[in-house]
Amino acid sequence: MITKLLVANRGEIALRVMRTAREMDVATVAVFSDPDADAPFVAAADEAVRLPGSTPAETYLRGDLVIAAALATGAQAVHPGYGFLSENAGFARDCAAAGLVFVGPTPEAIESMGSKTAAKELMATAGVPVLPGVVVGEDLAGLREQAATIGYPVLVKAAFGGGGRGMRIVAGPAELLPAVEGARREATSAFGDGTVFLERYVERPRHVEVQVVGDTHGTVVHLFERECSIQRRYQKVLEESPSPAVDDALRAQLGKAAVAAAETIGYVGAGTVEFVLAPDGDFFFLEVNTRLQVEHPVTELVTGLDLVRLQLQVAEGLPLPPEVLDARVTGHAIEARLNAEDVPAGYLPVTGTVHRFAVPDLPGIRVDTGVADGSVVGVHYDSMLAKVIAHGATRDEACRRLARALAETRVHGIITNRDLLVAVLREEEFRAGEIDTGYLDRHPELVAPPVDDDVVALHAAAAALAGQASRRAGAAVQRTVPSGWRNVPSADQVTVFGSGDGQLAVRYRLTRDGVRVAVGDRRLDVDAVVATPGQVQLTVAGVRRTLAVHRVGEEVFVDGPGGSTTFTEAPRFPVPGTQAGEGSLLAPMPGTVVRVAVAEGDRVTAGATVLVLEAMKMEHVVAAPTDGVVSELRAAAGETVDTGAVLAVVTPTEEDQ
């Protein structure tokens, strides 16, 4: 029996495992890096052990340190979660050698799925449908002929790893060799192995996967399918169960193939068999994920089962219980991955402090998260903040519930993909179930929606009036004077906000007849205002709206029926020399300067690379905004910078005017 469990992961993953462990009266041990010292998952554990360092390579990927922590605390088992060491056969073996139970499949099962090419060959012998393909050798002569036998378009894929790295779609022979060479370089950099293979590319495919569970007594069952077709850069965004494209007959076929795949490798524990589903209903094996998946909650909600509980029971040697053998699907569940990323900027990961995180407590909503008010999203780890999952009697009900929960979610201090998620859930094609992996490419309007100037104006007015109420509430004298009163009645009060790439001036005046408000050139027909520092009730043109206002320093966050807006209030009396001037290059996110491409005095053209920042394992080029001369260079390679820091200044000369 397992009485103490070390969770070799972080964030929402660790909290998810700990929740079930606590219900089973299993004590938990957390391991944590230095940036995670104050994270919620560390506080939730019964015991915690520091892994000195910040990067995954120094901490969560150090199997020796994880095992030492387990032994030091008396844990009998290690749960790897998903990611990091979860699919590391060597780590699983090291756990066994140390006398620890690895909560997952056998090392042999993990190894058998480590290479996509070897896995395909193994599945083909087991009768599981696979896509035609060929491994690319060192000699590329004759490769075009081999690709022709598969048929264009073909997909170039890395044999090891995943996440879309080392992957290229090739439409014709002319593109083949450059795509292979590029994929090899990327695969070598990401996974340490440049082996790639060609595979038939299914046009407008769906990504459908099947949850499997096996015990140590030889029983393997499937727990139905999940639809994971809404993706960006081959990374999942929304997942659901059951799939809107799968009927009972196809479900039986998918389940049979998934069980055959799991039985072939002697699978034990919870795993996922992934398939590509063609428009004609044919399906083909992609891979086996030998671990629990991020999207496992949708399966839990439609089956009523706890997959982590099953993992622990199987690890204790127990057979699968009757409720697993007789599982049924009830209703529909959809999961959204709420990420810290700038969608219009190309899904650029962002960092910062989460000043407020709140998902409304609505019927049928589950939230798995590792962040709370005050959490810091750093550059070292994944950008996912939370998984918000909805369960309903029907797919339409689940969509509606999830859209409403996300629309009312408040995440202050950091940019997220929340608006994209809500837009997808409310879009007609998605609601009809007409989706595939190219869905987001076909809907650019969801990725970069137009700015609603009316909403921005209303929110700016609310931010200004809440600020005025806050200043009035803090006044120490003349409390009997009406709020907003001025001894020059013809003069407006003015608050200037930074919004997007520009500024908005809010002018307002409290008179005997009410309030006059103008935002930029737009005058609002305000009938009534009730303002406190945290909430403003505005009646405009006869329509009353209540907006929540949250201020942190100079940042103001406004939430209302039209969405959420973030403003930065400009100082009323700025200190000379403290503001970034024209031509300043500001850091778009916290990160490390990995390269400086210029020196002071160099002449540059608009768009030329000045510096390169790295954050969350991605590089971001900071380019010259205009032709000119680098008059100031304030950052050096290796230096860590915060969002908004002035990195350099490019000054146009007379010849550039």
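With Cα atoms defining each centre, region 44-68 and region 168-214 are spaced 33 Å apart in the structure.
Between exposed chymotrypsin sites (Phe, Trp or Tyr not before Pro) in the chain, where DSSP calls loop and at most 16 other Cβ atoms lie within 10 Å, what's the longest gap? Value returned for the longest uninterrupted segment is 235-484.
Spin-label model, VAL135 to THR511: label points 7 Å out along the Cα-to-beta-carbon direction sit 8.2 nm apart. Put simply, the C-alpha atoms of the chain give a gyration tensor, and the ellipsoid matching it has half-axes of 47, 31, 26 Å, longest first.
Annotation: extensible slack from ARG544 through GLN235 equals 107.1 nm (criterion: 0.36 nm per residue apart, minus Cα-Cα distance). A Förster radius of 60 Å, combined with the Cβ-Cβ distance separating LEU586 from ALA393, puts the computed FRET efficiency at roughly 0.75. Where in region 2-35 does the amide nitrogen come within less than 14 Å of the point 7 Å from the Cα of ASP46, taken along Cα to Cβ? Answer for region 2-35: 2-7, 18-30.
With a Förster radius of 60 Å applied to the beta-carbon distance between ARG144 and ALA637, the computed FRET efficiency rounds to 0.90.
Spacing of the modelled spin labels on THR219 and ALA96, each 7 Å from Cα toward Cβ, amounts to 2.3 nm.
Among the listed pairs LYS120/LYS236; LYS157/LYS256; LYS4/LYS116, those with a Cα-Cα distance over 29 Å are LYS4/LYS116.
Using C-alpha pairs below 8 Å separated by at least 6 residues, the relative contact order for the chain is 9 percent. In order along region 235-249, phi translates into HN-Hα couplings of 10, 6, 10, 10, 9, 8, 8, x, 6, x, 9, 10, 9, 4, 5 Hz, rounded to whole numbers, per the Karplus curve 6.51 cos²θ - 1.76 cosθ + 1.60 with θ = phi - 60° and x for Gly and Pro. Modelled spin-label separation between VAL451 and ALA608, with each label point placed 7 Å from Cα along the Cα-to-Cβ direction: 3.0 nm.
Between VAL594 and ALA72, what FRET efficiency comes out of the Förster formula 1/(1 + (r/R0)^6) with R0 = 22 Å and r the beta carbon distance, rounded to 0.05? E(calc), rounded to 0.05, equals 0.05. Projecting the Cα atoms of ALA469, ASN9, VAL298 onto the charge dipole of the chain, computed from C-beta unit charges around the Cα centre, puts ALA469 farthest toward the positive end.
Test of the criteria: in region 228-277, which trypsin sites (Lys or Arg not before Pro) are in a DSSP loop and have at most 14 other Cβ atoms within 10 angstrom of their Cβ?
For trypsin sites (Lys or Arg not before Pro) across region 228-277 that sit outside H, G, I, E and B with at most 14 neighbouring Cβ atoms in 10 Å, the list reads ARG233.
Taking 0.36 nm per residue of sequence separation and removing the Cα-Cα distance, the MET1/THR125 pair yields an extension gain of 40.9 nm.
The antiparallel fraction among DSSP beta bridges confined to the chain stands at about 90%.
A short reminder: the numbers here are calculations on the coordinates, not readings from a lab. The structure presented is a predicted model; accordingly, all values stated were derived computationally and were not measured. Every residue, glycine as well, gets a Cβ built from its backbone with ideal geometry; the counts of neighbours run over all protein chains shown.
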